[in-house]
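The values are calculated or read from the model by the stated rules, or taken from the named source; none is laboratory data. On a predicted model such as this, the values are computed, not experimentally measured, just so you know. Please note: Cβ atoms are built from the backbone with ideal geometry, for glycine as well, and neighbour counts cover all protein chains shown. Accessible surface areas use protein heavy atoms only, side chains included; no ligands, DNA or RNA. Shrake-Rupley method; radii C 1.70, N 1.55, O 1.52, S 1.80 Å.
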Amino acid sequence: MLELENRIKKDGRVIDNRILKVDSFLNHQLDPALLTRMGQELARLYADTAIDRIVTIETSGIAVAYAVAMAMGNIPVVFARKKRSLLSIDDQYVTSVYSYTKEEEYTASISRQYLPARENILIIDDFLASGAAALGLIRLVQQAGSRTAGIGVVIEKTFQPGRATLEQAGYRVEALASIESFTDNQPIFTSSHVRRKK
């Protein structure tokens, strides 16, 4: 998605050739028009797949998941919480997830009430790096007895193992922007033509 790549170049900030911050339009402040177009593009990429529900993880994935859900005709969105609620501690699907950015493990949970069995689930997230968050969400979907039909992400770092790990496990992955490296604290993007040939 060229618009997104240009926005990352303009407003993104790379720290230590390792971390990409997109706080000005995605992770802290939101650009609703851009989010809407990202949602439409991810919906287009998965137009050939029956999707019953979208699953994401708080907090940065929620806005993107909402935009995709609206573009798909207002399907339900459910997000995994990173802290367990004492109100429904015995009525949740739970898994552990390692955060690459924060370098720590946390517990992700979804109420059983909002993740029914026998559905086709689209997982949406802001970043794909190691694949740990997506794998955690896949485990929650499996616990519910549903099927992960695909994974959609805004930005992937192709120099990390996330996509390869997910695809080797048999999951379809679609990304709006793919970064193959950081050089002099600038993102180097993989062209969509190269991505399609993989």
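Of the residues making up segment 4-38, those that are acidic (Asp, Glu) and surrounded by 14 or more Cβ atoms within 10 Å (Cβ to Cβ) are Glu5, Asp11, Asp31.
Every test in (1) in a strand (DSSP E or B); (2) at pLDDT below 95; (3) more than 18 Å from Gln143 (Cα to Cα) is passed by Phe127 save one, and that test is (2).
For segment 46-70, a tally of residues being open to solvent by 20 Å² or more (accessible area, probe 1.4 Å) and either closer than 11 Å to Gly152 by Cβ or polar (S, T, N, Q) (or both) returns 4. Taken over segment 93-124, the residue count meeting the criterion of being polar (S, T, N, Q) and part of a helix (DSSP H, G or I) is 1. Within segment 117-144, being over 13 Å from the mean Cα position of the chain (by Cα) and either touching a residue at least 40 places away in the same chain (Cβ under 8 Å) or open to solvent by less than 20 Å² (accessible area, probe 1.4 Å) (or both) holds for Glu119, Asn120, Arg139, Leu140, Val141, Gln143, Ala144.
Test Val55 against the stated conditions and say whether it is out of contact with any Lys or Arg (no Cβ under 6 Å at 6 or more places or on another chain), farther than 27 Å from Ile19 by Cβ and in a strand (DSSP E or B). No: the conditions fail for Val55. Every condition in (1) over 29 Å from Asp16 (Cα atoms); (2) at pLDDT 95 or above holds for Lys197 except the one numbered (2). The set of residues in segment 145-178 that are touching a strand residue (DSSP E or B) at 6+ places or on another chain (Cβ under 7 Å), part of a helix (DSSP H, G or I) and open to solvent by 10 Å² or more (accessible area, probe 1.4 Å) comprises Arg163, Glu167.
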